[in-house]
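Okay, structure first, notes after.
The values are calculated or read from the model by the stated rules, or taken from the named source; none is laboratory data. Here the structure is a predicted model, which means the values were calculated and not measured. Cβ atoms come from the backbone with ideal geometry, glycine included; neighbour counts cover every protein chain shown. When the accessible area is computed, the model is the full protein with side chains, heavy atoms only, and any ligands, DNA or RNA have been set aside. Shrake-Rupley method; radii C 1.70, N 1.55, O 1.52, S 1.80 Å.
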Amino acid sequence: MTFVYKADPARGAEWAKHFALAMPETPFHVWPDVGDPSDVRFLAAWQPPADLMGLFPNLEVLFSIGAGIDQFDLGAIPAHIPVVRMIEPGISSAMSEYVTMAALALHRDLPSYLDQQKRKVWQEIRVVPASQRRVGILGLGELAQASLEKLMPFGFPLSGWSRSRRVLTGVHCYGGRDELEAFLAATDILICLLPLTSDTTNFLNADVFSKLPSGASLIHVGRGPQLGHEALLEALDSGHLSGAFVDVTAPEPLPEGHRFWSHPKIVITPHVASMTQPETAVKVVVENLRRRSSGEPMTGVVDRDRGY
Ligand code: NDP
């Protein structure tokens, strides 16, 4: 009954320490040390190994180290093996900090002031009250809800859009494709927290940007392939959009010489909006193993039909 961790080895050592305290009876290995592969029942991975089932024929659960599972080829994972994404408080907390930081920076025109500083320009931009800056999130899942909670005290009118309609106190919720246009038209700072699926690939495109009000801005913290780079550049260069925080790109790293690097209206961060925290992640994984062994449903099991 071995547990294998396959991701950043330094964080793997931390996982091993916390796991040993919580489940001392279960051997824990950090890739590439897997012990006897036929003993491996549980794998927590960012990228699973090639020929997963050939290597671990007795695998019972595949845990993603991250909140998303788009790095997995679900078709190659037998249907009887649950794929479990990471829902843990460390990821939610860091994501809500990043989203709040970026929303405040865009609200208070930080990209413009950083550009002015480079050019030694002293020029004020009129302050807009938070009550007049509408913040809207694409996706209303775990990370969006944590972010909305943190944004709430600033007084921004808050909204969100998801596939099925959600009901959230203090948030205007839109649901389904029919309501996307109305959501976009009422959003000044657009935040993307959608999972990457075939439906959301290239979601942030020229059509979506054209439906935002003039002067709107973007915070992209979903996944790289959701963003059309040329569409964003055109929307910024035409003046229709005023700024963007881009944390995820396709490809990653962003290639040297890419226009995003030096664009005065873009702030780039290297896919760091959030990170899984070993201590809290191990707690969640151990609790899921306990649930599984007592016949209760695990949290974060991916719905293979939806793809998230
Ligand atoms: P959840 O699964 O909890 O929430 C996903 C939300 O997106 C749900 O509200 C869902 O709708 C909505 N959604 C999915 N597909 C569609 C669609 N086609 N149209 C409309 N709405 C859709 O995910 P999390 O909040 O935990 O994570 C979101 C994503 O954030 C991750 O998948 C990952 O890609 C990204 N992420 C980025 C990180 C970074 O560092 N940049 C770190 C961690 C995560 P419904 O409510 O109807 O199901």
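A few comments on the model shown:
- Segment 91-114 versus segment 198-214: alpha-carbon centroid distance in Å: 21
- Here the chain is treated with +1 on each Lys and Arg Cβ and -1 on each Asp and Glu Cβ, and its dipole about the Cα centre works out to around 800 debye.
- The mean sequence distance of close C-alpha pairs (under 8 Å, at least 6 residues apart), as a share of the length of the chain, puts its relative contact order at 17 percent.
- For the chain, the solvent-accessible area of protein heavy atoms averages 48 Å² per residue (probe radius 1.4 Å; ligands and nucleic acids excluded).
- A 1.4 Å probe over all protein chains sorts Trp31, Trp122, Trp161 by accessible area into Trp122, Trp31, Trp161, starting with the largest.
- Along the chain, longest interval not containing exposed trypsin sites (Lys or Arg not before Pro), exposed being DSSP loop plus at most 12 other Cβ atoms within 10 Å: 166-305
- For the chain, the membrane-span-like helix rule (DSSP H, alpha carbon extent of at least 18 Å along the helix axis, mean Kyte-Doolittle at least -1.0) picks out 9-22, 89-107, 278-293; this says nothing about an actual membrane.
- Loop-located chymotrypsin sites (Phe, Trp or Tyr not before Pro) in segment 176-260 (DSSP state not H, G, I, E or B) with no more than 14 neighbouring Cβ atoms inside 10 Å do not occur.
- Straight-distance crosslink candidates among lysines, where the alpha carbon sits under 25 Å from Lys283 and sequence neighbours closer than 8 are dropped: Lys6, Lys17, Lys150
- Potential lengthening of the chain between Phe154 and Asp115 amounts to 11.5 nm, from the contour at 0.36 nm per residue minus the alpha-carbon distance.
- In the chain, the calculated helix contribution to ellipticity at 222 nm averages -9000 deg cm²/dmol per residue, counting -39,500 (n - 2.57) for every DSSP H run with n ≥ 4.
- Take the Cβ atoms of Glu25 and His271, set R0 to 35 Å, and the FRET efficiency comes out at 0.45.
- Segment 11-120: GluC sites (Glu not before Pro) falling in loop per DSSP and having at most 12 other Cβ within 10 Å: Glu25
- For the chain, the residue among Ser92, Pro32, Leu114 whose Cα projects farthest onto the positive side of the dipole built from Cβ charges is Leu114.
- Shape of segment 91-268, Cα gyration tensor, a/c cut at 1.5: oblate
- Spin-label model, Lys283/Ser238: points 7 Å from Cα along the beta carbon direction are separated by 4.8 nm.
- Within the same chain, lysines fewer than 8 places from Lys120 are excluded, and of the rest, those with a Cα less than 28 Å from its Cα are Lys265.
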